[in-house]
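The values are calculated or read from the model by the stated rules, or taken from the named source; none is laboratory data. A quick note: this is a predicted structure, and the numbers were derived from the prediction, not measured. All Cβ positions, glycine included, derive from the backbone under ideal geometry; neighbour counts span all protein chains shown. These accessible areas exclude ligands, DNA and RNA; they are computed on the full protein's heavy atoms, side chains included. Shrake-Rupley method; radii C 1.70, N 1.55, O 1.52, S 1.80 Å.
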Amino acid sequence: MTDYTDHVVRRNPDGSYDVRDDRVLVGASLGNSSAWLVGKATGAIQKIYSLHLDEDVFWSTVVTYGSPHHHVLVGLEAGDRTPEERFGREGGHVILTPVAPGHFAYHPGYQRHRFELPSGLQVTETLFVPHTGLADPAVAFFAVDIHNAGAETRELVVHAYAKLCGTTPRDLIARFDPALRGLIAWNESHPSWVRIVGCTMKVHGYETMQHAAESYDPQNVPPLSKDTTEKGNIIGALGAIVSVKAGKTQRLAFIEVFSPDGEAAARKIYESAQDVEDWLARTNDFYAGALGVSQVLTPEKTINDGAFWAKANMLRVMAKYPQGCAFTNSPGASAAVVGRDLAWFTTGCDYLMPDVSRAMLLRFGETQYDTGKLPEYYHAVTGAVEDYGLNVNDDTPLFILACAHHYRITGDRTFLDAVWPVMHKAADYLLSQRDERGLVYCTATGEEVRGIAGWRNIIPHFSINGAVTEINSECYAALSTMAQLARQRAVQWAEQRDEYEAIGGHYAAAGRALRDAINKHLLNPKNGMYVLNIDVNGQVHADVTGDEVFPVMFDVAPAAVGYRIISRLNTPDFQTEAGLRTVSRLSPDYTPYRDVGLIGGVWPGLSFWYAFAAAKIYPDAMAHNLKQGYAQYLRDPKIYNTVPGQFSEWFDGESLVNRGMRLSPWEPPRYLWAAIEGACGLNLHEAPKRFNVAPLMPSGWRWLGVRRLPLAGSELSYFIIREHSKFRVFANGHLSVEGDLEVFDEDVSNRIERLDPDMEVIAFRRDQEWLICIGSTLNVAYTFPLSLKRLIDERRRYRAHLFNADLGRWIESETAIGQEFADIALRIEAQSFGLTRLVPAD
């Protein structure tokens, strides 16, 4: 396992993370198409949220373990003892607590908590929601494995206490159903809102109660009363007695189900959830399959892991709401589908599940106003839309860019045909919002969401209105993109060629005029960078903030200005160990812990934007921000309020403690996008007709690769090596590259057995020829073993060629039968690469 910064979080070979349970503040956040679950630092469930109701339908669920053969002795006369102090001899039990700190393991699809109780009882708790696609029910599994490492049979009393109301009305009624081995409960005011809490083994007790002090009472715990007369804001309790023989393991699970559609629907879900192992296996299979696409491979293992976990985070928040496929800006707390967030999400999701991006974009397009403007958000349950009274903000241009990105990645003309009228109308609306200077102008005079036109729209008592550099940069990109798409449609639709060419020329000219206006009116002559905005009162706000990335990212800034901006934001007053501050630490406005971190905090997404913008100017800054932006999530969770593998929202600009969501839905897709289109050099300017790869590698990198990029209906893999000032590219498809390109028939990497987690492998086949590309992520030279047994014919003779990086050419190594090449090893210098070519010798 690999240690990270604080030697608290440990990376396992499969990419999961381990951390001691006394070094966490909260558990994992897990979701599927119907439910969102948050865990506690104790391993318990904090809450379960229904996406169909936009309500919490369970609050805390706690599982306890007790010995029925012990009771706590108290030094009191019999008459002075409480009933609880006597129940140890009358069917009760004593709660057992761990003998030492345990460990959490965080996997893409589940959380696992291991600890040991007295007498060698080793407990493993596995917490997950089923995730097999976009049609999973609202179910949570709390699976328990108890292994007896002792020499005698042991009995345990296992109790589960579940708070059943959540945020719904406090009018619950419950009853016990033996057929369910559990409790069924519903809201008296909403009888169709039904919950089931059951167990996979026979229960010996049950109860509904108003309080559950015994769930944490160190004294003698009474047996459950089998009474369900308590109503209202109730806790449902179930108990089972587990007997475990020496050396054996016993499993049980508590299953929690919610349905808004009545008891019959809840029962059907519950009955389908009985095979817990199968649901976990199917969930793991789903994650493994989905995470296999768009594999980012670089010499920086932290960046590779960041891309892997970005995909896992995105999968957790994808959902099927009543209004359709979506994700919301605050999973488990909000049903708002925000335009800017959706645009950035789909830009990353195009590399993960492009069909999901398609559905999300088409649904958001339906919210367009008659004017052509796109709203700030729509409600995923009710469908209501909101624009906060702004005439223009970033939602409209970003929607255009997101739709164009999806088309360029997929080549889906049906999608473009469907969304083109929305994009066309939106672009025309943007042009209608220009002022006499030719700048897109926000007329809002309010504060916060009603007075800020850009991404930082939740700063309290703050306005960013008028001519905003961020918005105008995005509008320029949107217009330029529309011009390019119109010209492509002119080729595709010959009968409308003249019309589309005219549209393309119109948007191209409008885009150039807007860029000129930006560089005339919004470029500050005093420092050679851009002003934040010129507000509705004509006041120029010359603040140098992280928002300077936008004119660089969207190709508004001239080369010298772009260089100046990237250099300025790469100084210590902006940069931290966790990424880029939103404003300079030296600014009078700097407030690192307040205002949602938007005037001094560190927002990872801003670091990822900066990484993308810096890639073409200063690649080392790109790599630094991608690496540090993700590494912060792997530091001591108890200090930094994070969960390993989860992209949290924002950090205090001084302490770097997370003060936002522990799983932010908008950070992961920006990371994946920046890693692929920034670090790995994929350029979409001519897509989908042609894909370009033009990496600008950081100074220490000699190789990089990507596997299984979903592009234009197929999957593309490539491996790039740097030889002094030129590149060699090996791929399973045709690319436009700067350097030498060698094309193979297919990616056969899955037939290589990678025996060391510190190497990355891509293998290609062309007829009977094989190319194995290995990249090292270690900072020292190392000999890497790998198995080719599934790749070659062991009875056939092969000639091996090795690439000599120093000489820049292939060297014939040896000739032998395939059996001799079944298991090989290559010595590779620090963060360098090795290439082996096998060709038949007969």
Worksheet item: Among the numbered criteria (1) open to solvent by less than 40 Å² (accessible area, probe 1.4 Å); (2) closer than 16 Å to CYS475 by Cα, which single criterion is violated by TYR441?
Response: (1)
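So how many residues does the stretch 33-52 have that are among the aliphatic types (A, V, I, L, M) and surrounded by 24 or more Cβ atoms within 10 Å (Cβ to Cβ)?
Kept after step one, since they are among the aliphatic types (A, V, I, L, M), are these residues of the stretch 33-52: 35, 37-38, 41, 44-45, 48, 51.
Subsequent filtering for residues that are surrounded by 24 or more Cβ atoms within 10 Å (Cβ to Cβ) retains 35, 37, 45, 48, 51.
So the count comes out to 5.
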Worksheet entry | Any chance TYR161 is out of contact with any helix residue (DSSP H, G or I) (no Cβ under 7 Å at 6 or more places or on another chain) and assigned to a strand (DSSP E or B) | no
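Name the residue, out of TYR369, TYR378, TYR388, that is at pLDDT 95 or above and either open to solvent by less than 20 Å² (accessible area, probe 1.4 Å) or not in a loop (DSSP other than H, G, I, E, B) (or both). If you could, list the steps in order and put the result at the bottom.
Numbers: TYR369 fails: either open to solvent by less than 20 Å² (accessible area, probe 1.4 Å) or not in a loop (DSSP other than H, G, I, E, B) (or both); TYR388 fails: either open to solvent by less than 20 Å² (accessible area, probe 1.4 Å) or not in a loop (DSSP other than H, G, I, E, B) (or both).
Only one candidate passes the filter, namely TYR378.
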Practice prompt. Considering every residue within the stretch 468-475, establish whether at least one is open to solvent by 30 Å² or more (accessible area, probe 1.4 Å), touching a residue at least 60 places away in the same chain (Cβ under 8 Å) and not in a loop (DSSP other than H, G, I, E, B).
Written response: no
Fill in: Qualifying positions in the stretch 53-66 - within 17 Å of ASN187 (Cα to Cα), crowded, with 22+ Cβ neighbours inside 10 Å and not aromatic (Phe, Trp, Tyr)
VAL57
Practice prompt. Considering (1) under 30 Å from SER60 (Cβ atoms); (2) crowded, with 18+ Cβ neighbours inside 10 Å; (3) touching a strand residue (DSSP E or B) at 6+ places or on another chain (Cβ under 7 Å); (4) not polar (S, T, N, Q), say which one ALA312 fails and leave the rest.
Written response: (3)
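Among the residues of the stretch 215-224, is there at least one that is among the hydroxyl-bearing types (Ser, Thr, Tyr), in a helix (DSSP H, G or I) and either touching a strand residue (DSSP E or B) at 6+ places or on another chain (Cβ under 8 Å) or in contact (Cβ under 8 Å) with a residue 60 or more places away in the chain (or both)?
In the first step, residues of the stretch 215-224 are kept if they are among the hydroxyl-bearing types (Ser, Thr, Tyr); the result is 215-216.
Filter once more, so that each one left must be in a helix (DSSP H, G or I): 215.
Then keep just the ones that are either touching a strand residue (DSSP E or B) at 6+ places or on another chain (Cβ under 8 Å) or in contact (Cβ under 8 Å) with a residue 60 or more places away in the chain (or both); that gives 215.
Checked the stretch 215-224: at least one residue is among the hydroxyl-bearing types (Ser, Thr, Tyr), in a helix (DSSP H, G or I) and either touching a strand residue (DSSP E or B) at 6+ places or on another chain (Cβ under 8 Å) or in contact (Cβ under 8 Å) with a residue 60 or more places away in the chain (or both).
Got a number for residues in the stretch 414-440 being in contact (Cβ under 8 Å) with a residue 60 or more places away in the chain, in contact with a helix residue (DSSP H, G or I) (Cβ under 7 Å, 6 or more places away or on another chain) and under 15 Å from ALA486 (Cβ atoms)? Explain how you work it out, then say what you get.
Quick first cut of the stretch 414-440, residues in contact (Cβ under 8 Å) with a residue 60 or more places away in the chain only: 416, 420, 423-424, 427, 431-432, 434, 437-440.
From what is left, the residues that are in contact with a helix residue (DSSP H, G or I) (Cβ under 7 Å, 6 or more places away or on another chain) are 416, 423, 427, 431, 437-440.
With under 15 Å from ALA486 (Cβ atoms) added as a condition, the list becomes 416, 423, 427, 431.
The total comes to 4.
For the stretch 391-412, how many residues are in a helix (DSSP H, G or I) and closer than 21 Å to ASN683 by Cβ?
Within the stretch 391-412, the first condition is being in a helix (DSSP H, G or I), and the residues that meet it are 395-410.
Restricting the remaining residues to those that are closer than 21 Å to ASN683 by Cβ gives 397-398, 400-410.
Matching residues across the stretch 391-412 total 13.
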Worksheet item: For the stretch 476-488, how many residues meet the condition of being more than 12 Å from ALA404 (Cβ to Cβ) and surrounded by fewer than 22 Cβ atoms within 10 Å (Cβ to Cβ)?
Response: 1
Worksheet item: How many of the residues making up the stretch 670-722 are among the polar types (S, T, N, Q) and within 22 Å of THR481 (Cβ to Cβ)?
Response: 2
Worksheet item: Taking the condition at pLDDT below 95, out of contact with any helix residue (DSSP H, G or I) (no Cβ under 6 Å at 6 or more places or on another chain) and under 30 Å from ASP285 (Cβ atoms), does LEU134 pass?
Response: yes
Discussion item. So if I check each of VAL449, VAL468, VAL440, VAL422, which one is β-branched (Val, Ile, Thr) and over 17 Å from ARG340 (Cα atoms)?
Written reply: VAL440
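Would you check which residues across the stretch 619-640 are over 17 Å from THR576 (Cα atoms) and open to solvent by 10 Å² or more (accessible area, probe 1.4 Å) and list them?
Taking the stretch 619-640 first, the residues over 17 Å from THR576 (Cα atoms) are 619, 637-638.
PRO619, LYS638 - these are the residues of the stretch 619-640 that are over 17 Å from THR576 (Cα atoms) and open to solvent by 10 Å² or more (accessible area, probe 1.4 Å).
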Fill in: Matching residues in the stretch 89-130 - criterion: being open to solvent by less than 30 Å² (accessible area, probe 1.4 Å), over 20 Å from THR153 (Cα atoms) and either in a strand (DSSP E or B) or at pLDDT below 95 (or both)
PHE104, ALA105, TYR106, GLN111, HIS113, GLU125, THR126, LEU127, PHE128
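For the subset of the stretch 519-545 comprising residues that are closer than 19 Å to ALA477 by Cα and touching a strand residue (DSSP E or B) at 6+ places or on another chain (Cβ under 8 Å), which member is surrounded by the most Cβ atoms within 10 Å (Cβ to Cβ)? Break it down stepwise before answering.
Of the stretch 519-545, the ones closer than 19 Å to ALA477 by Cα are 519-523, 529-533.
Narrowing further to those that are touching a strand residue (DSSP E or B) at 6+ places or on another chain (Cβ under 8 Å): 521-523, 529-533.
Values: HIS521: 17, LEU522: 23, LEU523: 18, MET529: 21, TYR530: 27, VAL531: 20, LEU532: 21, ASN533: 29.
Residue satisfying both the conditions and the ranking: ASN533.
If you take the residues of the stretch 230-253 that are of a type in the set (D, E, K, R) and either farther than 18 Å from LEU164 by Cβ or touching a helix residue (DSSP H, G or I) at 6+ places or on another chain (Cβ under 9 Å) (or both), which of them is surrounded by the most Cβ atoms within 10 Å (Cβ to Cβ)?
Filtering the stretch 230-253 down to residues of a type in the set (D, E, K, R) leaves 230-231, 245, 248, 251.
Among the residues that remain, those that are also either farther than 18 Å from LEU164 by Cβ or touching a helix residue (DSSP H, G or I) at 6+ places or on another chain (Cβ under 9 Å) (or both) are: 245, 248, 251.
Values: LYS245: 12, LYS248: 12, ARG251: 16.
Out of the qualifying residues, it is ARG251.
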Item to complete: List the number of the failed condition for PRO322; all other conditions in (1) more than 21 Å from TYR633 (Cα to Cα); (2) open to solvent by less than 20 Å² (accessible area, probe 1.4 Å) hold.
Response: (2)
Discussion item. Of everything in the stretch 735-759, what is touching a residue at least 24 places away in the same chain (Cβ under 8 Å) and farther than 14 Å from LEU771 by Cα? Give them in sequence order.
Written reply: LEU735, SER736, VAL737, GLU738, GLU753, ARG754, LEU755, ASP756, PRO757, ASP758, MET759
Worksheet item: Looking only at helices (runs of 4 or more DSSP H) that fall completely inside the stretch 569-647, which ones have 3 or more residues that are over 19 Å from the mean Cα position of the chain (by Cα) and of a type outside the set (Val, Ile, Thr)?
Response: 604-615, 619-631
Discussion item. Can you tell me which condition TYR718 does not meet? The list is (1) within 23 Å of ALA781 (Cα to Cα); (2) within 32 Å of the chain's Cα centre (by Cα); (3) open to solvent by less than 30 Å² (accessible area, probe 1.4 Å), and all the others hold.
Written reply: (1)
Discussion item. If a residue must be in a strand (DSSP E or B) and free of Cβ contacts under 8 Å to residues at least 40 places away in the same chain, how many such residues does the stretch 173-193 contain?
Written reply: 2
Discussion item. Can you tell me which condition ARG487 does not meet? The list is (1) in contact with an Asp or Glu (Cβ under 7 Å, 6 or more places away or on another chain); (2) within 17 Å of ASP435 (Cα to Cα); (3) not small (Gly, Ala, Ser), and all the others hold.
Written reply: (2)
Worksheet, complete the sentence: Going through the stretch 176-212 in order, the residues found to be open to solvent by 50 Å² or more (accessible area, probe 1.4 Å) and among the hydrophobic types (A, V, I, L, M, F, W, C) are ALA179, TRP186
Discussion item. With the structure loaded, tell me whether ASP355 is closer than 16 Å to LEU398 by Cβ, out of contact with any Cys (no Cβ under 8 Å at 6 or more places or on another chain) and acidic (Asp, Glu) or whether it fails that test.
Written reply: no
Discussion item. Please verify whether SER699 is touching a residue at least 24 places away in the same chain (Cβ under 8 Å), in a strand (DSSP E or B) and of a type in the set (Ser, Thr, Tyr), treating the condition exactly as stated.
Written reply: no
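Can you tell me how many residues within the stretch 325-350 are among the hydroxyl-bearing types (Ser, Thr, Tyr) and either in contact with a Leu (Cβ under 6 Å, 6 or more places away or on another chain) or open to solvent by less than 10 Å² (accessible area, probe 1.4 Å) (or both)?
Narrowing the stretch 325-350 to residues among the hydroxyl-bearing types (Ser, Thr, Tyr): 328, 330, 334, 346-347.
Pick out the ones that are also either in contact with a Leu (Cβ under 6 Å, 6 or more places away or on another chain) or open to solvent by less than 10 Å² (accessible area, probe 1.4 Å) (or both) and you get 328, 346.
Of the residues in the stretch 325-350, 2 are among the hydroxyl-bearing types (Ser, Thr, Tyr) and either in contact with a Leu (Cβ under 6 Å, 6 or more places away or on another chain) or open to solvent by less than 10 Å² (accessible area, probe 1.4 Å) (or both).
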